[in-house]
Every structure is written in C-alpha cells, then in structure tokens.
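Enquirer: So that we are looking at the same thing, I have put the structure below in structure tokens.
The values are calculated or read from the model by the stated rules, or taken from the named source; none is laboratory data. Remember, it's a predicted structure, so these values are computed and weren't measured experimentally. Positions of Cβ are backbone-derived with ideal geometry, glycine not excepted, and every protein chain shown enters the neighbour counts.
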C-alpha cells in the first residue's frame, strides 16, 4: 500500500517541554565542551593508562547504532519488505543523526579539536595505514550516501533509492567493520586484538540498531498517536533474536581464543578484574542472555511489552559491551616483562566517572534526540495513519 | 644512513634514576603531582620499571629503565591518522606537535607505555630552557619551550642534540649523546649507529647477551638491554 | 518544497560552520606559534654561559657545571675536570634547579610575631629589613658576651659548604662558645670511631674502588646513601664491567636494598648482629690461616689478643644462631673475602648505627687489616685533605677564652660520652634540663634537626624552650618554625664557597662554588651573613674576621689562591691534589704503637687521660654485644629499620617534584611513604597489601600504607626517611610520614652517634 508521510504538528505541551529540556542540554554541551577545552582533559576520567573513555565508547556505540539502523532500513527499500515500510524513513533519518552524533563524540574527544580538519586530508596529510584515517574516508562517504539516500526517498524515486540503499548498506557494513578494526588490529592490547572484532562490532551494531529502531518506533508512534502494526515489531524481534544468537557465537569464539594460552592475563582481568560487571552484567547479561530468554519464552515473545523490554535490555547491554571493550581493554597493565611489575606501572588503571565527561556525553546524546524531534517536526518522516486523514485529532499527547 | 639505537647495560645500571631526571631537565618535561601519579596522568618521557621475582630470601629485583624504544616497526606510526608521528630516515620516531590532534590512538597502540598525553597545559618554570631551533624557517617538530595541552609527547632520543651535533661535524655516540646517556653516572648507557659495525653499540651487542622488551610483538625496538 | 529548502539551508549552515572551524583552527595555530615564539629568534639574543660550581644537595658536594640562559639556570651537568667521580653526578644535582627555583623560598628576613611556639602553630611571620634583623641579633649576641656568658650561644649547623663550615666554627670559637653542633651525630659517627680505634683516624673510611675485587658490604647502601655517592655510582660501573676482573659484591642487610638488588648476593641478617658476623668471618680467616701474614706481622699490634678472642668466642656455629645466617655461608663468604685480593669490608649505617656500633665498626674494619687491605690498591686508603691557606690565628679576648673552658652542652668529654667528638642528640636533653647550663641564644645554619633526629618530640620541646633562636636557611624548615628571626640564605647556586668531598677518592680535590644567578629576593649567602655579624660584633670576634677576604668571595680566594690560580679555579672549577701514594705504613697509623691496632691503644690512652683511673673495664677489642632493644619482643614484635632512598635531598627540604615523583624506585612509586613488611608475616597479621596501618613503638605511633615485600627479614619492617614534612611546601607538606617520630633515644656511647635501629614496633590495622 502506498503510504503517505507527514510531519508532526509540534503544538502540544509535551513536544514543547521536550524541546526546551533538550535545548538546555545542548547549552550544557557548549558549556562542558568549553570547560574541557580550556582546562584540558584532566577534568575527564581518562589517563595515560586508559586514554579512551566515555566519549570514545559513545562514538563506537553510535556508529554501531547508525549502521544497524541503515541495515534495517534496507529491509524496506532494498529488500522491499512491505512490513517495514512505515519505519523506513525514520530508520534512515536515525542513521544520519546517529552518525552525526558519533562524529561529534570523536571530534570532541580530540585533544586539539580545532585541528580536526587534518583527519580529512586523505593521502596528503593522512597516514592511510591508520584505521582512523581509513575510517574517516568511510565516514564522510557514509554520511554523504545517507543524505543522498534520504533525499531520494523523499523524492519518491524508489528505484534509485534501492540502488543507493544497497550501496549504503554495504558501505555501512564497511563503516562498522572499519570501526571494529580500529580495535581489532592493535596487537599489544590482548582484549582488542582479534580478527573477529570487526564482525563482533557489526553484529553488535545490528542488535543494538534493531533494538533502537524497535524502541524508537514504539515510542514515537505512541506519542504521536500513530498506529504501529504488531507484525512490524514482531518481525524485527525475530531478526533481533537471530542476530543475538550469532553475536553470542562470535563473542564466545573470541573469548575462548583469548582464554587459551598464551596471553590470557588481560582476558582474565576482563572476566574477574575491576570491570568484570561491564562484561558479565552488561555485555552478556543484558545484551545477550536476558533478551534471548525474553524472546524465546513463549509468554513474553508474543507481547509488545516483552519485545520492547528485550530491546531496551539490548540497547543498554550493547553500550556496556562497548564500554567493556574500551575501558578494561586499556586498564589492564601492559606486560613489559613477564614478571610482577611493582608500583604504578604494574597495577590496573581506574576510570573515574567525572562530571564534565558525563555531562558532555549526555548533552551530545540530547542534542541528537533534539535533532530527531525537530526532524519529525519539520520533515515528513513518520507515516500517516493508514486509512485515516492527515491531521489526526483526539487522544494525541504530541501533535 | 645511520640507524640510531641505544644500549642499556643492566649490569652496570645502578638504579639511580639520573636518566629520568636528566631527561626532564633537558626537555622541559613537566613534573607531576601526587594526584596525577595516582590517576596515572603524569607525563613521563623516560620511566623505570621495577620487576620482582621470587620469595624471601631468594628474591630478585630488576630495575629496567624504559625510554621510547624508537621501534623499527613502530605501531604508533601505523595508527597515527594525522601523520603526527613518523619515522625519520635515521630511525628516530619523531612526534610532530603541530600536527598532533590528540586522538590518543598512539597511546593505545604503544606496547611500552612510552607516550604521555598532556591533560592540562604545562606550567612554565624558570628553569625551562628556551633554545632556538636549528633553522628558524624550518617546520621542524621543535619541542621547546613546551608542548601545548591536548597533544601527545614522548622521548625524542634528544634529536635536537643529534641534529646540532651532525651540523657541527661532531661524532654521535661519543661526543654527542642524548641527555639520559650523558647523565648516567655508571656509564651504563650507550648510543650510536646500529648499522655501523665499528660503533660502540654494535660492539657491545656482539660481545654480550642482550634482549629487547616484548620482542615477540615484532616491533623491533632499538633500545636493547644487556643482561646481567 | 519545505523539506528541500531546509536541506539546502542545513547544508549552507554546515559548510559555514565547517569553514569557520577551519579558519579558527588556523588562527589558533598562528596564535600559538606567535605566543610560542617568545623564544628568541637569533642565536645572538641568547645569552648563554656555562659556570663551574659545586652541588650541595648532600655531603658529597660534587663538582657541576651549570648552563645559564638569559640569567636563568636551565641545565646542570657534571664537571669533567673532577676526578673523584670522573665528572659524573647523581640525579640530585639536577634537582638543584628545583632547589634554586623553589617557589616557597624565603625572600626577606622574617620576624616571629606569635609568641607561641609549637608544631602546627602559625608563627605569623612579619617581613623585616636586614638592618632591623641584624640589629636585633647583634644586640642579643653582644648582650650575651657583655655578661660574660658566650658559652650559652648554641650553634647548630646542618648541610653547608665547607667554606661556610670553616667560618661557622671560627665564629663560634671567636665568640667564645664550643657548643658548635653539627648533624654528624645523626650520620655515621660510629664508623669514624671504629676507624679511629684501629688506626687513629677519626674520619669516614675511604676505599680504593678502582682496583678492588671484592666488596663485603655490611648494611651499607652503597648505591643509595653512601658518600661520596657519585663516586660509588661511577665506580660501580667501572668495577663491574670495565675491567678484566669483575668485582664481586656481597650485601649483608636485613633489607633487600637497591644495592642488594644490584649486588651478586644478598644475605639477610638478624638486625644488629653484624658485629658477630664480622668476628665470625675473622674466626674463619684466622683459623684457616688465610690472613695476610706479612702485613699482620710487620704492621699490626695486638693481633694475639684479638686472635684469642675471635677463636674462643666467635665460632661460626655459634654465630650462625645469633645472626640467622647458616654456618656454611659464613665460612664460604669468609674464604672468598680472604682469597679474592684485594678485598674490602665496608660498614654501613644499618650495621653500625646501633648502641655498641663503634665496636661493630671496629670489627668490620679489622677484617680489612686481616687480609692486608690497608693502604694498598683496592683496599682501605687514607684521604688526603687540601692544604687550604691557614687563617690567621684566632683573636681570643678574655670573654671568649673563659667561655671555651665551660663543659660542652652535648656532654662530650664527660662520663656519659667520654670519647665522643659530637653528641648531637644529647642537646635537647641538656636544654630541657638546663644542664650543664641553660642555653640563651641558638643559631641554626641550615639545620633541620627535629626532622632527622630520633624522637623529634624532644627536639620540639627543647626548641620551644630556647629563649631566642635565629634560623638561617633558604626556606622555612621544621626547625625554623621555632625561630624568632629567620634570615634568608642563598642556595648553593647563588653563593661563593669551596668544598671537598668526604673521604673516598684518596687524592684531595677542591671544588669551587660561585654564583650562577643573582640571589633570590633579599637572600644573602651564609658566609656573608657571618662576616656581617662578625663585623658588627666588634671585639675579638671582629678581629678574627679581618684579613681573611672580608666577604665570601674574598674568603674563598684567600683560602685557595696558594693552591690554584684564581682565574683557573673559576674556569676549571676544581683543584686536584697530587695522586695517591699507597703503603705509607711508616706514617699512616696514628696510634701509640705506630701500627694498625687490633686492641685499641688510642682508646686505652684516652681512657687513661680522661677517667684518670676509672672505667678500666672498657673493652679495647672489637667485639659483639647483644643489643638491648627499646620495647619488648612480646609487645612489639618487629624491629624498625628506617633507610634513606637516593632521592632524599639532604638540605632539610623535600619540596622538589623531580625527587618526589620517583622517590621509591624499589616499590615503583613516588609521593609516598610505604612501610615494607615481609609478605608472609603480613598475611599472618591479617593485613592486606596496600592497606593503611599504624606503626606503633613504645614512644609514638604513625600511620602509613603497608607494602608486602619479599625483600625484608620477617622480624623487621622498613620505612624510608625523607617524607613527613609539615612546615612548608606544596610538594612535601603532608606527604608521607617520618619514621624518626617513633624511634626512641639511644646512643653508641663511644662515638655519641644516635642509634636509629634498636626500636621495636608493632603493626596493626587502622
């Protein structure tokens, strides 16, 4: 069926309050960024032992979400599955915004953000053997592709959109596997070093992306009083389950390899050290075990609530997965020699949750949510109710 | 072309840490504070690790000084996106502060913990040297007087001494050496051209048993330790 | 359509922002470059000077060269002309830059306005002018002389250059007081006494490290706190790998020190039993006839008495139980020591700063004579001293003559310490008891005794009692907190002086001290302060200070110009005496028999002179005596063994980040005091590694972080000296603890040395 799309009216109290709150958070972003820039990154929780903190965690998380969102959108435009059409535009739009958010995170994390243009001097000022440099090519292309993709969708050019969509999906896979390669190719960090990392990242992206789509779709449609087809949610949940299972296999193989001799100290630290809870509670518990249970158990898998809870669990769990990579990965003291190193060079690092870094992260997240809400307001992202005229009246919290 | 390397004789080393202090003095490296050390934010171009083995009374402690290894296959050079760290033709791994964007990828990639990030701007001290660069028009990665906040810094094998010395026709390794080599009171450190069979370092490597740190990673570090 | 316009707008906005960002970054970079280039553009703008002077961060006083750029000292290296350490210096020399530019230095003379004195009490310093300060000081000093009691002036001096020390002593003697108290009583006086008992030299022992082949180190931290340290550091490299024969080093110490880590063998010993070990080694050498028969026959006296004692009482089997070292090891070490020639036995602080330490030092020193290592290449050598031009005779007036007849405040030459040359730690007791007489004025020349003394509480009480105390140092140390007036002196990089190392090189070497930068604030060099005070005091004091140069620079020139041309001295920085002559057996033994004495004739002679018949049961032979500990084993199971890491700056302050960051290299950490305990023992006490604990002695308690170590005897705990400052300084105040605070007061009664290691403690969780 041919769907018609519309904006939200943006007149309701709920909408206005949300915009105001998010606006304040964006102001916080400018403030906390200025503080970090002027005082130096000592106001964050990072150190020479753990050089990447919250911001890089969010960066890889958001890229994952973005790639996942685009791949889900392809179900509608590339694979032409009608069930997924209502969320198609939203998925692509989310893909763009999440990518922009990721870019914000990585640019703000730089010690000298004003030199960020150096990241885009391909082959001239860039060292192309660096995964960062290769990724910056991928990221710019990715954003441009997504913009074209969305524009084509708005134009209604389904055929071209399908072609660009295909390229975009493949490009999204490259983007996120490239992000995984940033970590996977670093030989001296045992927790990072693995050829499976790009695949792990990709699958984590798919699970988190799918889950985010589920949650966003459910929330947005509810608050804008649009009806969402149950079939849509349940198809997504089935896809989610399969991907989580594959992710489980990836994680298992990766960790099993690392537990074998030699070089298992860092992985043991991941399992039993200061940050064991990031791995066991978040990555495994919330990210894999709980959703699998919820999506397999007959009572919960057929309710919308059960699916949404499992999606929420995955979203939090995959964030924990990113953190379980970035922080314990560098917290483990490097074995310069294979004996006990005394003092500061032999003990694991501690990452502190600090005010400015947290504010910075949360404010960038709010900024992206704000852009999303504004996008809903000014762009025709959401579909109209099927069989109902454009302006719906009654029972709407947000119009 | 010379390939500069350093040899540290752990048998002669007396663990005095003169190398560490002399490096700070030579290169205006900022000192830390108790908080910074706890949080592991101190800037250390040269450090010393203490390794213990055994149980009382059969105990053994090794004190190993660790500057930047100036690897021949440097992982930090591979991962720097902005070409801010690169290998000079003479083997010294240079950090170009102008280009450094502070992404900290090199700190993650360095297997020896040789790199430090500037988490805050460096205080200027009255005893900081304010030397001029070799050539006022050059875009050399000149590290003086200090580096700005937000960039990564590390040991430079005192290339400023080497370049100046070469220009004046001095012999590197005997007349001109990095500050840590000069400071070592027990003459436990040597510097020179690893590719020159007649240099002191080559002769030492030929005469004694030596090892490098984390050799299995294949970084080919050019700081080599003679065993006790 | 609406969305397209927005997209275009968005795009324009985006590119606008991007452009602005790039533009700003370029601007910022240009600005940074511009600000960065406050550095001069041409070589001509850089005023560069290299000045030869010498360091004073410990008593080694090594020759250094300082690079001065545009009037600021930026770099320090060793002086290649110095032969004592072959131009090398230890890392503390470089820290001289932080000593010079210590942000918390005293700028002007200060007067105390808060009458109350005590730890934690703010003196409420008020800045005054030099004239005001000196006027007040002169008034008080003159008053004391006028009433004929110059002996009630008590002079403390800590670490000062030798030239300043010469002036301090001359000042005291001209003034009329012999109460000139150095910090030697906290150092290693027992070594001097042991040396003197054998051969009449009341000095530290010098060793010919260039040629030795075997070093038996009893408790000496050769690579951390021996003197001259730079010499040991350089020669270590030399005798380990730069000669055909490698020197073997054995370290006997209850603690696995850094020296032990670098040595060939570490032998843990029960604390305080080194004397027994030395005698047992002598037993093996004598019983197996491995001793140098020629030397013993021709150049020693009292060998038979010594031999009898050693063979009767010090069989390795018995000593094994005392020392905790098994018999086989004792025999093996003794044989190695005797057979590997030349060999030296060195007695260090941990072995001899005990009650009865002089005899332990004597016992260790005798081992050298047993194997003939006296005044030979590779053995004990006798330090030559520079022949400074002698100062004109002291002008003593009646007042000062009378003052110098009074008994010493530190009770040396009394029944309590009949043979000691200085008993620094006795002084607080004398002050508190007003005996032999009350003290009226005290001057502290860069002293910080209430930090380095055992039981500083007593010093605090005594300092509080002093009616008038003048303190002269560049910063407000813990002792200065009790001052009534503080005079800011210059650091060693801003003053004139001459220095020579403690015994070590054999040949004499003088180092110059000349200012490399102009003095900070209104500080003046201590030497100039003394000249000024002497000038204003008039009388005999003033007269003793004329014709010796009139000021610090003049004084240095006066004293050294007979040895070296002044201009050469300024440039070269050192003067080196004639090369060392060995085997001076005809004149090197200053004993009644003119030979090396195993039974101390010097001691016998001195007893006869002093006690006039009493005390003839004083032992004349080296021997071991069981230590009486302060505290019972049941209540206080551990023996406290403090130690000095290399990074302790001995000038009384530790406010130097370069030293603090790397303070404990054996533990890989800085900015901290750790109490090291044997890991098994720690586990038995139910303590966790890294936990804060109380360390309590019968006298006081302190708290510190515990560290489990494999390198410490199970019956001992080790705490480093150097931290626990509380008077000033961002980089030292409130950091760590001072182990001296819980150590009790005890002495080696022969030398007056304060005993540091016989206090027992207990450890428990907080």
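Enquirer: Which of the helices (runs of 4 or more DSSP H) found entirely inside region C:322-431 contain at least 1 residues meeting this: surrounded by fewer than 19 Cβ atoms within 10 Å (Cβ to Cβ)?
Expert: Once the helices (runs of 4 or more DSSP H) in region C:322-431 are filtered for at least 1 residues that are surrounded by fewer than 19 Cβ atoms within 10 Å (Cβ to Cβ), what remains is C:327-339, C:398-403.
Enquirer: May I ask you to list the residues in region C:694-724 that are within 21 Å of residue C:669 (Cβ to Cβ), free of Cβ contacts under 8 Å to residues at least 60 places away in the same chain and more than 14 Å from chain B (Cβ to nearest Cβ)?
Expert: C:702, C:704, C:706
Enquirer: While we're on this one: What are the residue pairs meeting all of these: first residue in region B:50-61, first residue within 14 Å of residue C:251 (Cα to Cα), second residue part of a loop (DSSP other than H, G, I, E, B), Cβ atoms under 6 Å, and 6 or more apart or on different chains?
Expert: What qualifies is B:57/C:268; B:59/C:256; B:59/C:710; B:59/C:711.
Enquirer: Are any residues in region A:88-141 in a loop (DSSP other than H, G, I, E, B) and facing chain B (nearest Cβ under 7 Å), and if so, which ones?
Expert: Initially, region A:88-141 is screened for residues in a loop (DSSP other than H, G, I, E, B), giving A:110-112, A:121-130.
Result: A:110, A:111, A:112, A:125, A:126, A:127, A:129, A:130.
Enquirer: Here is a list: A:41, A:54. Which entry is surrounded by 21 or more Cβ atoms within 10 Å (Cβ to Cβ), at pLDDT 90 or above and over 27 Å from residue A:171 (Cα atoms)?
Expert: The unique qualifying residue is A:41.
Enquirer: Does residue B:46 satisfy being within 30 Å of residue C:99 (Cβ to Cβ), crowded, with 23+ Cβ neighbours inside 10 Å, under 13 Å from the mean Cα position of the chain (by Cα) and away from chain A (no Cβ under 11 Å)?
Expert: yes
Enquirer: On to the next question. Take residue C:569 and tell me if it is without any contact (Cβ under 8 Å) to a residue 60 or more places away in the chain and either over 16 Å from residue C:419 (Cα atoms) or in a strand (DSSP E or B) (or both). I'd like the intermediate steps shown before the answer.
Expert: Working: without any contact (Cβ under 8 Å) to a residue 60 or more places away in the chain: yes; either over 16 Å from residue C:419 (Cα atoms) or in a strand (DSSP E or B) (or both): yes.
For residue C:569, the condition - without any contact (Cβ under 8 Å) to a residue 60 or more places away in the chain and either over 16 Å from residue C:419 (Cα atoms) or in a strand (DSSP E or B) (or both) - is met.
Enquirer: On to the next question. Kindly provide the set of residues from region B:161-197 that are part of a helix (DSSP H, G or I) and farther than 29 Å from residue A:49 by Cβ, ordered by number. Spell out the reasoning first.
Expert: At the first step, the residues of region B:161-197 found to be part of a helix (DSSP H, G or I) are B:161-167, B:179-183.
The answer is B:161, B:162, B:163, B:164, B:165, B:166, B:167, B:182.
Enquirer: If residue C:215 satisfies every condition in (1) modelled with pLDDT of 95 or more; (2) in a loop (DSSP other than H, G, I, E, B) but one, which is the exception?
Expert: Among (1) modelled with pLDDT of 95 or more; (2) in a loop (DSSP other than H, G, I, E, B), residue C:215 violates only (2).
Enquirer: From the list C:181, C:269, which residue is assigned to a strand (DSSP E or B), touching a residue at least 60 places away in the same chain (Cβ under 8 Å) and at negative phi?
Expert: Within the list C:181, C:269, the selection yields C:181.
Enquirer: Failed condition for residue A:167, given (1) within 12 Å of another protein chain (Cβ to nearest Cβ); (2) touching a helix residue (DSSP H, G or I) at 6+ places or on another chain (Cβ under 8 Å); (3) under 30 Å from residue A:193 (Cα atoms), with all others met?
Expert: For residue A:167, the exception is condition (1).
Enquirer: Further question: For region B:140-152, name all the residues that are touching a strand residue (DSSP E or B) at 6+ places or on another chain (Cβ under 6 Å) and more than 11 Å from chain C (Cβ to nearest Cβ).
Expert: Correct list: B:141, B:152.
Enquirer: Also, I was wondering about something else. Which condition breaks for residue B:18 when tested against (1) more than 14 Å from chain A (Cβ to nearest Cβ); (2) surrounded by fewer than 22 Cβ atoms within 10 Å (Cβ to Cβ)?
Expert: Just one mismatch for residue B:18, condition (2).
Enquirer: To continue, here is another question. Could you tell me how many of the residues in region C:73-102 are outside any loop (DSSP other than H, G, I, E, B) and under 21 Å from the mean Cα position of the chain (by Cα)? Step through it out loud before you land on a result.
Expert: Step one: of region C:73-102, the residues outside any loop (DSSP other than H, G, I, E, B) are C:73-78, C:91-93, C:96-100.
Keeping just the survivors that are under 21 Å from the mean Cα position of the chain (by Cα) gives C:78, C:91-93, C:96-100.
Adding up the residues that qualify gives 9.
Enquirer: Checking residue B:82 against (1) within 11 Å of chain A (Cβ to nearest Cβ); (2) in a loop (DSSP other than H, G, I, E, B); (3) under 17 Å from the mean Cα position of the chain (by Cα); (4) free of Cβ contacts under 8 Å to residues at least 24 places away in the same chain, only one condition comes out false. Which one?
Expert: Residue B:82 satisfies all of (1) within 11 Å of chain A (Cβ to nearest Cβ); (2) in a loop (DSSP other than H, G, I, E, B); (3) under 17 Å from the mean Cα position of the chain (by Cα); (4) free of Cβ contacts under 8 Å to residues at least 24 places away in the same chain except (3).
Enquirer: For residue C:648, state whether it is closer than 30 Å to residue C:477 by Cα and surrounded by fewer than 22 Cβ atoms within 10 Å (Cβ to Cβ).
Expert: yes
Enquirer: Would you pick out the residues in region C:98-123 that are within 28 Å of residue C:528 (Cβ to Cβ) and surrounded by fewer than 15 Cβ atoms within 10 Å (Cβ to Cβ)?
Expert: Across region C:98-123, the qualifying residues are C:103, C:107, C:113.
Enquirer: Within the bounds of region C:557-577, is there any residue that is surrounded by fewer than 16 Cβ atoms within 10 Å (Cβ to Cβ), within 21 Å of residue C:55 (Cβ to Cβ), more than 28 Å from the chain's Cα centre (by Cα) and not assigned by TED's automatic domain parsing to the domain that holds residue C:173?
Expert: Yes, that holds for at least one residue.
Enquirer: For residue B:90, only one of the following conditions fails: (1) within 23 Å of residue A:120 (Cβ to Cβ); (2) more than 7 Å from every other protein chain (Cβ to nearest Cβ). What is its number?
Expert: (1)
Enquirer: Looking at region C:80-90, which of the residues that are buried (at least 24 other Cβ atoms within 10 Å of the Cβ) and touching a helix residue (DSSP H, G or I) at 6+ places or on another chain (Cβ under 8 Å) is farthest from the other protein chains (Cβ to nearest Cβ)?
Expert: Per the criteria, the residue is C:84.
Enquirer: Given C:258, C:216, which one is touching a residue at least 60 places away in the same chain (Cβ under 8 Å), closer than 30 Å to residue B:54 by Cα and out of contact with any helix residue (DSSP H, G or I) (no Cβ under 6 Å at 6 or more places or on another chain)?
Expert: Numbers: C:216 fails: out of contact with any helix residue (DSSP H, G or I) (no Cβ under 6 Å at 6 or more places or on another chain).
Result: C:258 is the single residue among C:258, C:216 that is touching a residue at least 60 places away in the same chain (Cβ under 8 Å), closer than 30 Å to residue B:54 by Cα and out of contact with any helix residue (DSSP H, G or I) (no Cβ under 6 Å at 6 or more places or on another chain).
Enquirer: Name the residue that is farthest from residue C:407 (Cα to Cα), counting only residues in region C:432-456 that are in a helix (DSSP H, G or I) and without any contact (Cβ under 8 Å) to a residue 60 or more places away in the chain. Before the answer, list the steps.
Expert: So the first thing to find is which residues in region C:432-456 are in a helix (DSSP H, G or I), and the list is C:432-433, C:449-452, C:456.
Narrowing the set further to residues that are without any contact (Cβ under 8 Å) to a residue 60 or more places away in the chain leaves C:432-433, C:450.
Values: C:432: 16, C:433: 15, C:450: 24 Å.
Applying the filter and picking the extreme gives C:450.
Enquirer: Hey, another quick one. Say whether the condition of being within 19 Å of residue C:75 (Cβ to Cβ), within 14 Å of chain A (Cβ to nearest Cβ) and either touching a helix residue (DSSP H, G or I) at 6+ places or on another chain (Cβ under 7 Å) or touching a residue at least 24 places away in the same chain (Cβ under 8 Å) (or both) is met by at least one residue in region B:168-179.
Expert: no
Enquirer: So is residue A:60 at pLDDT 90 or above, in a helix (DSSP H, G or I) and crowded, with 21+ Cβ neighbours inside 10 Å or not?
Expert: In short, yes.
Enquirer: Further, regarding this structure: Which condition does residue B:65 not pass, out of (1) more than 10 Å from chain A (Cβ to nearest Cβ); (2) part of a loop (DSSP other than H, G, I, E, B), if it passes all the others?
Expert: Status for residue B:65: all satisfied but (2).
Enquirer: Look at region C:634-669 and say how many of its residues are in contact with a strand residue (DSSP E or B) (Cβ under 8 Å, 6 or more places away or on another chain), farther than 25 Å from residue B:60 by Cβ and not in a loop (DSSP other than H, G, I, E, B).
Expert: 1
Enquirer: Further, regarding this structure: I want to confirm something. Restricting to region A:38-51 and keeping residues that are at the interface with another protein chain (Cβ under 8 Å from one of its Cβ atoms) and not in a loop (DSSP other than H, G, I, E, B), which single residue is nearest to the chain's Cα centre (by Cα)?
Expert: A:41
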